[in-house]
1. If a residue must be surrounded by 16 or more Cβ atoms within 10 Å (Cβ to Cβ) and in a helix (DSSP H, G or I), how many such residues does segment 264-292 contain?
2. Return the total of residues in segment 79-103 being assigned to a strand (DSSP E or B), in contact with a strand residue (DSSP E or B) (Cβ under 7 Å, 6 or more places away or on another chain) and at pLDDT 95 or above.
3. Restricting to segment 248-263, name every residue that is surrounded by fewer than 20 Cβ atoms within 10 Å (Cβ to Cβ), in contact (Cβ under 8 Å) with a residue 24 or more places away in the chain and closer than 19 Å to residue 122 by Cα.
4. Looking at 116, 109, 121 in this structure, which one is under 30 Å from residue 11 (Cα atoms) and surrounded by 14 or more Cβ atoms within 10 Å (Cβ to Cβ)?
5. Please identify the pairs in which a residue from segment 78-107 that is more than 20 Å from residue 52 (Cβ to Cβ) and in the same structural domain as residue 231 (by TED's automatic domain parsing) has its Cβ atom under 8 Å from the Cβ atom of a residue that is outside any helix (DSSP H, G or I) and modelled with pLDDT under 95, counting only partners at least 6 apart or on another chain.
6. Taking the residues in segment 66-93 that are in contact with a helix residue (DSSP H, G or I) (Cβ under 9 Å, 6 or more places away or on another chain) and within 13 Å of residue 105 (Cα to Cα) as candidates, determine which candidate is surrounded by the most Cβ atoms within 10 Å (Cβ to Cβ).
């Protein structure tokens, strides 16, 4: 008996799933970089809608409900209808979500590209323009089934799960828990977004987001600009969530990058400067959530191979140090732009 569902996802199962919706691979499969799901580029015997190859995504069982996946697909369709360069699933036999061998899967056209050059202000401005257009679509209506990005889901629940499942070595559990609790308290477990700019400031507006807009989820093509891929983590949250992952380096570098992004963004949509106070809290939530995500997925054979450094006392001591750095960062003045 298989210990993990993905162990039965063989090349034959992938090709059979494709054939079940009327597309036929020629046997050439390339596993693409994805850990949460399994994603393959498959070359077709006959082109479909101008595509010689497609991308087949098998959703991790029991992560999202069918309704939540379909809401992601509907969001992608809205973006494409608004001429935003997002890559969404193909409609085959009247559906975007299909079932085969116990897996839900979707099929998307293949889009080439490379990671964007984030040191180039023109590239950042271009990305900022399209991010504003994503958010204009995202603000048009709310999600009904997909969750929100908040302190409960990204810090409190992951912390409690790690403790309940003995996910942290005892020799470092105390220091990590202390720093984690201090971080949660500093962020503000209740009303964090509402109070981001101070008690008298307007409430931060929440909208539908890409949710995981790191450079790996932007495909850049010279002359054509960005394509946004992988809406798997789309959820409700503040607009700045889709911007902060594109900032790196020291404070002056991040300041310049932010300025270029917002120069583009504000050509299409206003940006609430109160949200800049959320950048370091969001980075801290990501830090806590990421460790719990790795621990939850450890029964997936791909994870020990890809993250061999995870789980040791040295790893968790590093997390303590990063939480200490984030505690300091969250008390510094926010970036300005």
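The values are calculated or read from the model by the stated rules, or taken from the named source; none is laboratory data. Keep in mind the model is a prediction, meaning the values are calculated, not measured. Ideal geometry is used to build each Cβ from the backbone, glycine not excepted, and the neighbour counts take in all protein chains shown.
1. 20
2. Result for segment 79-103: 3.
3. Once the filter is applied, which keeps residues that are surrounded by fewer than 20 Cβ atoms within 10 Å (Cβ to Cβ), in contact (Cβ under 8 Å) with a residue 24 or more places away in the chain and closer than 19 Å to residue 122 by Cα, segment 248-263 yields 248, 254, 255, 256, 259, 263.
4. None of the other options fit; the residue is 109.
5. As it stands, the answer is none, since no pair meets every condition given.
6. Checking each candidate, the answer is 89.
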